[in-house]
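A.B. asks: For reference, the structure I am asking about is given below.
The values are calculated or read from the model by the stated rules, or taken from the named source; none is laboratory data. Everything numeric here is computed off the predicted structure, so don't read it as measured data. Ideal geometry is used to build each Cβ from the backbone, glycine not excepted, and the neighbour counts take in all protein chains shown.
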Ligand code: HPA
């Protein structure tokens, strides 16, 4: 569904709340959007000049009930010292935590944050998540730059009447992730000495984790990582013409012939350890936009 009126209402509220920050002449480029996935909410604390607006205050905005997901929009920037000494970094509009299909939310609710950010002028979006590695060569605790997606949720945020103001009825998906942004992230990672894999992210509905047979099948389909978010947001963002960078933290390794139980605690623990590198990478990418 394309929840046009709900998005307009939420965007109007945020425009008022972010007011001076959003329209500051200090920025000659639009803000960069950043969605922080499981365990990464702390990254927003690194931003200077923050304006925080809890989701609970935004009319109609869905709240995540999942541990590891804070619930707020955060406006801020990495400040002048953000990297290459080329002036101030672009400001960020951060979605600190997200809701999921498995919580019972609709595709429209899952994508509301991305659509609100687009309404507020975001044209470049960075999406982060926690995922299980399917590629046996990837290590738990590592980071992966998403090169493509498989939407295996059985849902689409574009179902129903199309809003031409937002995008086409049949949006192109020949390049869901932006090759230029990915190249930038890979180069930034190399300079930082951070290992960044490249791979295909498969999105499932959840909340159950994968059986060995599913794991084997997803790998045979060509997926390198599996998770319960991001694919619908990326589709909604592409519908609106946003450029998207996707970064996954590989919190566990799923090998069909030696599966072992995975807990949320483990996912959060590994994500917490990877957060520092993710923050360095995000900062480096933003400094070069
Ligand atoms: N499967 C699905 N989602 C996940 C996983 C997984 O193994 N790890 C973190 N999110």
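A.B. asks: Yes or no: segment 27-42 includes at least one residue that is more than 24 Å from residue 235 (Cα to Cα), in a helix (DSSP H, G or I) and at pLDDT below 95.
C.D. replies: Within segment 27-42 (the criterion being more than 24 Å from residue 235 (Cα to Cα), in a helix (DSSP H, G or I) and at pLDDT below 95), the answer is yes, since at least one residue qualifies.
A.B. asks: Another question about this same structure. Is it the case that some residue within segment 250-264 is surrounded by 21 or more Cβ atoms within 10 Å (Cβ to Cβ) and in a helix (DSSP H, G or I)?
C.D. replies: Among the residues of segment 250-264, not one is surrounded by 21 or more Cβ atoms within 10 Å (Cβ to Cβ) and in a helix (DSSP H, G or I), which makes the answer no.
A.B. asks: Given the criteria more than 15 Å from the ligand (Cβ to nearest atom) and assigned to a loop (DSSP other than H, G, I, E, B), does residue 148 qualify?
C.D. replies: no
A.B. asks: Moving on to the next point. Restricting to segment 106-132, and then to whatever is within 19 Å of residue 178 (Cβ to Cβ) and out of contact with any strand residue (DSSP E or B) (no Cβ under 9 Å at 6 or more places or on another chain), can you tell me which residue is nearest to the ligand (Cβ to nearest atom)?
C.D. replies: Residue satisfying both the conditions and the ranking: 111.
A.B. asks: Give the residues of segment 160-208 that are within 16 Å of the ligand (Cβ to nearest atom) and in contact with a strand residue (DSSP E or B) (Cβ under 8 Å, 6 or more places away or on another chain), sorted by residue number.
C.D. replies: Once the filter is applied, which keeps residues that are within 16 Å of the ligand (Cβ to nearest atom) and in contact with a strand residue (DSSP E or B) (Cβ under 8 Å, 6 or more places away or on another chain), segment 160-208 yields 197, 199, 200, 201, 202, 203, 204.
A.B. asks: Please tell me if residue 233 is surrounded by fewer than 19 Cβ atoms within 10 Å (Cβ to Cβ), closer than 18 Å to residue 37 by Cα and within 16 Å of the ligand (Cβ to nearest atom).
C.D. replies: When the stated conditions are applied, residue 233 does not pass them.
A.B. asks: Continuing with this model, one more query. If you check residue 140 against the conditions, is it under 13 Å from the mean Cα position of the chain (by Cα), within 16 Å of the ligand (Cβ to nearest atom) and not in a helix (DSSP H, G or I)?
C.D. replies: No, not satisfied.
A.B. asks: One residue is enough: does segment 156-173 have a residue meeting the conditions surrounded by fewer than 23 Cβ atoms within 10 Å (Cβ to Cβ) and farther than 24 Å from residue 7 by Cα?
C.D. replies: no
A.B. asks: What is the one condition in (1) surrounded by fewer than 21 Cβ atoms within 10 Å (Cβ to Cβ); (2) part of a loop (DSSP other than H, G, I, E, B); (3) touching a residue at least 24 places away in the same chain (Cβ under 8 Å) that residue 223 does not satisfy?
C.D. replies: The one condition residue 223 does not meet is (1).
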